[in-house]
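Below you'll find the structure, written out as structure tokens, and then a few comments.
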Amino acid sequence: MIKFDVKVGKIGIEEGVHIIPMYEEDVPRPAVELPDNVKDLISKVAGRDFKGRLEEVYIIPTIVPGGPERIVLTGLGKRDELELDSFRRAYGRAALRIDESMSETAFAPIVSDVFDLESTTESIIEGIELSMYRFDRYRSEKKEQKLKHVTLLVNDESSLSKVKKSVEVAGKICRGVYTARDLTNMPSIDCYPEKFAKIVYEIGRRAGFKVRVYQVKEIEDMSMGGILAVGGGSIHKPVLIELEYDGTGGRNDRPYIIVGKAVTFDSGGISIKPSEKMEEMKYDKAGGAAVVGVLEAVASLRLPIRVIGLIPCVENLPSGTAYRPGDIIRFRNGKSAEIISTDAEGRLILADALSYAVEKNPKAIIDLATLTGACIIALGTHASGLFTNNQEIAEKIKRSGERTG
């Protein structure tokens, strides 16, 4: 991950590569104060070669004695349409271009005329850090990340402590996102249910949350017929993973519970999927992976709350021991269901996990799942489906999503 420093300074004075955020106008204008010689350089391209549109990037080589060797203009879009996610997208795109240009370091100012300094800083860090994510552990030839060090510039000493704290917070959040992405991207041959649980255990030990793994015999004793049925066709037996973080100081508060679907590979079972794009079914564990990432971030940040994660983890394959269309299974809460399609497996394992979650008397339950491709058909790739019986919580989640991108 990238190393971030914070110092008092100004763009255009430091040597090296400088990121300059720009607002989109007829003639784009800088979102931060700049010395006149840098303004003059920008004026030669602003409004012509560079418009300031969101995610637009333009690199200007410079010859400024004692100043920047390269200026990277990055578009924030129109100021009256600015969102925190604009900073993620703009600075992330700039970071990618700097990395492609083989530069190892860069300076970046913090725009503080719209949102508070802390939120803007976190968004900038997240944009830069997450844009650099690569899943390349299986590649025989890895592309080296060139950009390794970014210095954030603030105007005065009074801002240093706030910005440094925000850098720390954003770094821990990004670490959780990296974990979720890594788990999601891992091929099923290396991330079957038992292996998934082992990886989660190591993450919990490192980050500071408890992990308990329920094996088949325990799942049978817990009457979780949905998990047992879906996982019955694979030689890799199903598990239920319970994660817990308690930052309340032992008050034993009612927990928030996050439930995540983790089908490490979903062939569809006996109702088998078409072969085209079946390789993407390793991503059917993304809900469970997100739960792990959330718990890692929460524990690393030492938040003063109690959070429990529940991950029903299975592999859905056809075999002589697989569940079949027409089977009737019984869940933990005593309800039964007839199976029509074995490719509708997510709701079956989640039913058991959600029944178990309710028994813990939580403040709220949030369920995360790659449940159906129909959601993408309806909403595309830039929005998630949200169903709720509590509109207040739904609005909080929606606002959080808009804030975090």
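In this structure, is ASP352 under 26 Å from ASP221 (Cα atoms), charged (D, E, K, R), part of a helix (DSSP H, G or I) and not assigned by TED's automatic domain parsing to the domain that holds GLU126?
Values: under 26 Å from ASP221 (Cα atoms): yes; charged (D, E, K, R): yes; part of a helix (DSSP H, G or I): yes; not assigned by TED's automatic domain parsing to the domain that holds GLU126: yes.
In short, yes.
Scanning segment 268-292 for residues that are small (Gly, Ala, Ser) and surrounded by 24 or more Cβ atoms within 10 Å (Cβ to Cβ), we see that the one that is farthest from ARG205 (Cα to Cα) is GLY269.
Table: residues versus (1) modelled with pLDDT under 90; (2) over 19 Å from ALA289 (Cα atoms); (3) in contact with a strand residue (DSSP E or B) (Cβ under 6 Å, 6 or more places away or on another chain).
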residue: ASP343; (1), (2), (3): no, yes, no
residue: GLU359; (1), (2), (3): no, yes, no
residue: PRO362; (1), (2), (3): no, yes, yes
residue: ASP367; (1), (2), (3): no, no, yes
residue: GLY373; (1), (2), (3): yes, no, no
residue: SER384; (1), (2), (3): yes, no, no
residue: ASN389; (1), (2), (3): no, yes, no
residue: GLU392; (1), (2), (3): no, yes, no
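With ARG88, ARG137, ARG93, ARG97 as the choices, which residue is of a type in the set (D, E, K, R) and either outside the structural domain of THR151 (by TED's automatic domain parsing) or buried (at least 21 other Cβ atoms within 10 Å of the Cβ) (or both)? Break it down stepwise before answering.
Numbers: ARG137 fails: either outside the structural domain of THR151 (by TED's automatic domain parsing) or buried (at least 21 other Cβ atoms within 10 Å of the Cβ) (or both); ARG93 fails: either outside the structural domain of THR151 (by TED's automatic domain parsing) or buried (at least 21 other Cβ atoms within 10 Å of the Cβ) (or both); ARG97 fails: either outside the structural domain of THR151 (by TED's automatic domain parsing) or buried (at least 21 other Cβ atoms within 10 Å of the Cβ) (or both).
Testing whether each residue is of a type in the set (D, E, K, R) and either outside the structural domain of THR151 (by TED's automatic domain parsing) or buried (at least 21 other Cβ atoms within 10 Å of the Cβ) (or both) leaves just ARG88.
Given the structure, is LYS261 buried (at least 24 other Cβ atoms within 10 Å of the Cβ), of a type in the set (Lys, Arg) and at pLDDT 95 or above? So LYS261 fits the description; yes.
Of all the residues in segment 200-231, those that are part of a helix (DSSP H, G or I) and buried (at least 19 other Cβ atoms within 10 Å of the Cβ) number 12. The residues listed here are SER123, SER119; of these, the one that is crowded, with 19+ Cβ neighbours inside 10 Å, among the polar types (S, T, N, Q) and in contact with a helix residue (DSSP H, G or I) (Cβ under 9 Å, 6 or more places away or on another chain) is SER123.
Of the residues GLY52, GLY12, GLY47, GLY67, the single one that is under 33 Å from the mean Cα position of the chain (by Cα) and of a type in the set (Gly, Ala, Ser) is GLY52. I'd like to know if segment 262-285 contains one or more residues that are in contact with a Leu (Cβ under 9 Å, 6 or more places away or on another chain), in contact (Cβ under 8 Å) with a residue 40 or more places away in the chain, of a type outside the set (Asp, Glu) and assigned to a helix (DSSP H, G or I). Within segment 262-285, one or more residues are in contact with a Leu (Cβ under 9 Å, 6 or more places away or on another chain), in contact (Cβ under 8 Å) with a residue 40 or more places away in the chain, of a type outside the set (Asp, Glu) and assigned to a helix (DSSP H, G or I).
Kindly check whether there is at least one residue in segment 49-65 that is modelled with pLDDT under 95 and either closer than 28 Å to SER161 by Cα or not assigned by TED's automatic domain parsing to the domain that holds ALA108 (or both). Let's see the steps before the verdict.
Taking segment 49-65 first, the residues modelled with pLDDT under 95 are 49, 60-65.
Narrowing the set further to residues that are either closer than 28 Å to SER161 by Cα or not assigned by TED's automatic domain parsing to the domain that holds ALA108 (or both) leaves none.
Looking for residues that are modelled with pLDDT under 95 and either closer than 28 Å to SER161 by Cα or not assigned by TED's automatic domain parsing to the domain that holds ALA108 (or both), one finds none in segment 49-65, hence no.
Can you confirm whether segment 367-383 contains a residue that is among the polar types (S, T, N, Q) and in contact with a Gly (Cβ under 7 Å, 6 or more places away or on another chain)?
Residues of segment 367-383 among the polar types (S, T, N, Q): 370, 372, 381.
Narrowing further to those that are in contact with a Gly (Cβ under 7 Å, 6 or more places away or on another chain): 370.
Yes, because at least one residue in segment 367-383 is among the polar types (S, T, N, Q) and in contact with a Gly (Cβ under 7 Å, 6 or more places away or on another chain).
Can you confirm whether TYR133 is touching a residue at least 40 places away in the same chain (Cβ under 8 Å) and out of contact with any Gly (no Cβ under 6 Å at 6 or more places or on another chain)?
On the way: touching a residue at least 40 places away in the same chain (Cβ under 8 Å): yes; out of contact with any Gly (no Cβ under 6 Å at 6 or more places or on another chain): yes.
Here the answer is yes, as TYR133 does meet what is asked.
Contact annotation: residue pairs with Cβ atoms under 8 Å, 6 or more positions apart or on different chains, pairing a residue in segment 319-333 that is without any contact (Cβ under 8 Å) to a residue 12 or more places away in the chain and farther than 13 Å from ASP343 by Cα with a partner that is aliphatic (A, V, I, L, M) and buried (at least 16 other Cβ atoms within 10 Å of the Cβ), are ILE328/ALA337; ILE328/ILE339.
Considering the conditions (1) under 20 Å from the mean Cα position of the chain (by Cα); (2) of a type outside the set (Lys, Arg); (3) over 25 Å from VAL211 (Cα atoms), ALA337 is excluded by exactly one of them, (1).
Does ALA357 satisfy the condition of being small (Gly, Ala, Ser) and assigned to a helix (DSSP H, G or I)? Yes; evaluated as a whole, the condition is true for this residue.
The values are calculated or read from the model by the stated rules, or taken from the named source; none is laboratory data. Keep in mind that what you see is a predicted model, and the values were worked out from it rather than measured. Here the Cβ is made from the backbone with ideal geometry for all residues, glycine too, and neighbour counts use every protein chain on show.
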